[in-house]
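For reference, the structure discussed in these notes is given below.
The values are calculated or read from the model by the stated rules, or taken from the named source; none is laboratory data. As the structure is a prediction and not an experimental result, all values here were calculated from the model. Positions of Cβ are generated from backbone atoms using ideal geometry, with glycine treated the same way; all protein chains shown enter the neighbour counts. Accessible surface areas use protein heavy atoms only, side chains included; no ligands, DNA or RNA. Shrake-Rupley method; radii C 1.70, N 1.55, O 1.52, S 1.80 Å.
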Amino acid sequence: MKYPSAILGDLLEANPRFEKGDKPSEEELVSFVPMSSVSEKTLSITETIDRPYHEVRKGFTPFKTGDVLIAKITPCFENGKMALVENLPRELGFGSTEFHVFRPGKRIFPRYLFHLLRSPFVRASGKLKMKGAAGQRRVPVDFFTRLTIPLPPLAEQKRIAAILDAADELRAKRREAIAQLDVFLQSTFIEMFGDPVTNPKGWPVVNFEDAVYFQEGPGIRKWQFRNKGIKLVNIRNIVDGELVLTNTEKYLDPDEVSRTYSHFLLDAGDLVMSSSGVTWGKIAYVKQQHLPLSLNTSMIRLRPQGGRITHAFIRAFVESQAFRRQISRLITGSAQPNFGPSHLRKIVINLPPIDIQSHFEEIVASIEHQKSLLNVHLAELDTLFASLQHRAFNGEL
């Protein structure tokens, strides 16, 4: 059944201003939501911060319960960073200016709007309409307000939203099961080795470089990038601790790699870590199916050396507060967090006996196997959800 269509801008208010009587007093507390508090994984607000109105009234975007937030800047938009604002602790919220805010009118159900805006078609179309310089490209608000969308009756919108909500809940439960395995792994690490910060078990402390080989990626210029060839690993390729190369956009010519960059080619078993920006310290394994793959700028290769440390222990240490605290002290004051080999040479690491590390690596392998099985099921649920989305907005559900 084909639904009637409508222009989205006729159904909502885009980036609304204060309504009459909404303006709070200077000291009234509002819910502040930075970009980092909106999860592209759960499409929800993970936490809010109470701040007085006078601190946020300039330079931030206002919203309230029932609004839909969607990031407009790259790569947050492409990653699907958005949320339907529900159960806001305070009457008003404020967030990054990199959010568009959409307030549904009476003819469109908020959860129907939310599911519509998260659909692959909207995200793919919006990416093509982005404006601005590289790294600062944004989706203009008129892309959304000019969209022609299917608009079934309200009762049908609510039915569609309920079906999509139920399917999404199944995915959320599977993601939570995967997250719990990560929590278990973290607690196992602490139980076996103690807190790396306080080192209660008194393990020997050595320089990071004495146990770990590290190599910084080359400074590759934009004109060297190609549309095909040898893939370059980027920060955005590290998703939930795994390498995801389906969104790779940068390549090098194989002949140029052979001539100039062959020593930056990665091997299966290497660890790659991001070393720049707000997402520094993200780390993942390189697997056989990822090859051929080369280091890129702002990426560091890590691997054991000297037979004193395992891959699993390196990764657990990099993800620990001990590592983050040491690096943070070294790069304090930098507007753009960035570290490299000179910083890593100043890092120290607790080094338990290799046999205990090896036992931990076996536990990690078992957990990773369980996670892979759960991820297969999650991929099946993702495919089901995408099918339901397509059918829902084509009048086939």
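A few notes on this one:
- Per the listing Leu295, Leu302, the residue uniquely under 24 Å from the mean Cα position of the chain (by Cα), within 18 Å of Gly217 (Cα to Cα) and at pLDDT below 95 is Leu295.
- The strands (runs of 3 or more DSSP E) found wholly in segment 145-237 and carrying at least 2 residues that are open to solvent by less than 40 Å² (accessible area, probe 1.4 Å) and hydrophobic (A, V, I, L, M, F, W, C) occupy 212-216, 230-232.
- Some residue of segment 306-315 being open to solvent by 70 Å² or more (accessible area, probe 1.4 Å), farther than 15 Å from Val205 by Cα, touching a residue at least 24 places away in the same chain (Cβ under 8 Å) and among the basic types (Lys, Arg): no
- Of all the listed residues (Ala124, Ala161, Ala155, Ala166), the sole one being at pLDDT below 95 and closer than 21 Å to Asn394 by Cβ is Ala124.
- Within segment 1-53, the set of residues being within 16 Å of the chain's Cα centre (by Cα) and part of a loop (DSSP other than H, G, I, E, B) comprises Pro34, Glu40, Lys41, Thr42, Leu43, Thr46, Glu47.
- Filter result for the condition that a residue is closer than 24 Å to Gly277 by Cα and hydrophobic (A, V, I, L, M, F, W, C), over Ile160, Ile190, Ile178, Ile235: Ile235
- The residue that is modelled with the highest pLDDT, among those in segment 131-144 that are charged (D, E, K, R) and surrounded by fewer than 17 Cβ atoms within 10 Å (Cβ to Cβ), is Asp142.
- Residues within segment 327-360 that are surrounded by fewer than 19 Cβ atoms within 10 Å (Cβ to Cβ), assigned to a helix (DSSP H, G or I) and at pLDDT below 95, tallied: 7
- Taking every residue in segment 24-46 that is closer than 12 Å to Phe94 by Cβ and at pLDDT 90 or above and pairing it with any residue that is open to solvent by 70 Å² or more (accessible area, probe 1.4 Å) and assigned to a strand (DSSP E or B), at least 6 positions away or on another chain, the pairs with Cβ-Cβ distances below 6 Å are Leu29/Asp50; Phe32/Ile49.
- Set Phe189, Phe144, Phe193, Phe184: member being within 20 Å of Phe393 (Cβ to Cβ), over 19 Å from the mean Cα position of the chain (by Cα) and among the aromatic types (Phe, Trp, Tyr): Phe144
- Residue in segment 69-80 that is open to solvent by 20 Å² or more (accessible area, probe 1.4 Å), assigned to a loop (DSSP other than H, G, I, E, B) and either over 24 Å from Thr145 (Cα atoms) or touching a strand residue (DSSP E or B) at 6+ places or on another chain (Cβ under 7 Å) (or both) present: yes
- Considered as a group, the residues in segment 97-113 that are open to solvent by 10 Å² or more (accessible area, probe 1.4 Å) and free of Cβ contacts under 8 Å to residues at least 60 places away in the same chain include one that is nearest to the chain's Cα centre (by Cα), and that residue is Thr97.
- Residue in segment 41-63 that is open to solvent by 30 Å² or more (accessible area, probe 1.4 Å), more than 30 Å from Gly277 (Cβ to Cβ) and among the aromatic types (Phe, Trp, Tyr) present: no
- Residues considered: Ile230, Ile178. Of these, the only one that is β-branched (Val, Ile, Thr) and closer than 30 Å to His359 by Cβ is Ile178.
- Here Leu29, Leu88, Leu92 are screened, and the one residue that is over 29 Å from Lys131 (Cα atoms) and either open to solvent by 40 Å² or more (accessible area, probe 1.4 Å) or basic (Lys, Arg) (or both) is Leu29.
- Test: residue in segment 279-288 that is surrounded by fewer than 17 Cβ atoms within 10 Å (Cβ to Cβ) and more than 19 Å from the chain's Cα centre (by Cα): yes
- For segment 3-16, the set of residues classified as touching a strand residue (DSSP E or B) at 6+ places or on another chain (Cβ under 8 Å) and either among the basic types (Lys, Arg) or surrounded by 12 or more Cβ atoms within 10 Å (Cβ to Cβ) (or both) consists of Tyr3, Ala6, Ile7, Leu8, Leu11, Leu12, Glu13, Ala14, Asn15, Pro16, listed by residue number.
- Segment 177-201 residues that are more than 30 Å from Val376 (Cα to Cα), paired with ones that are of a type in the set (D, E, K, R) and loosely packed, with under 13 Cβ neighbours inside 10 Å (beta carbon under 7 Å, 6 or more apart): Phe193/Lys201; Gly194/Lys201; Val197/Arg325
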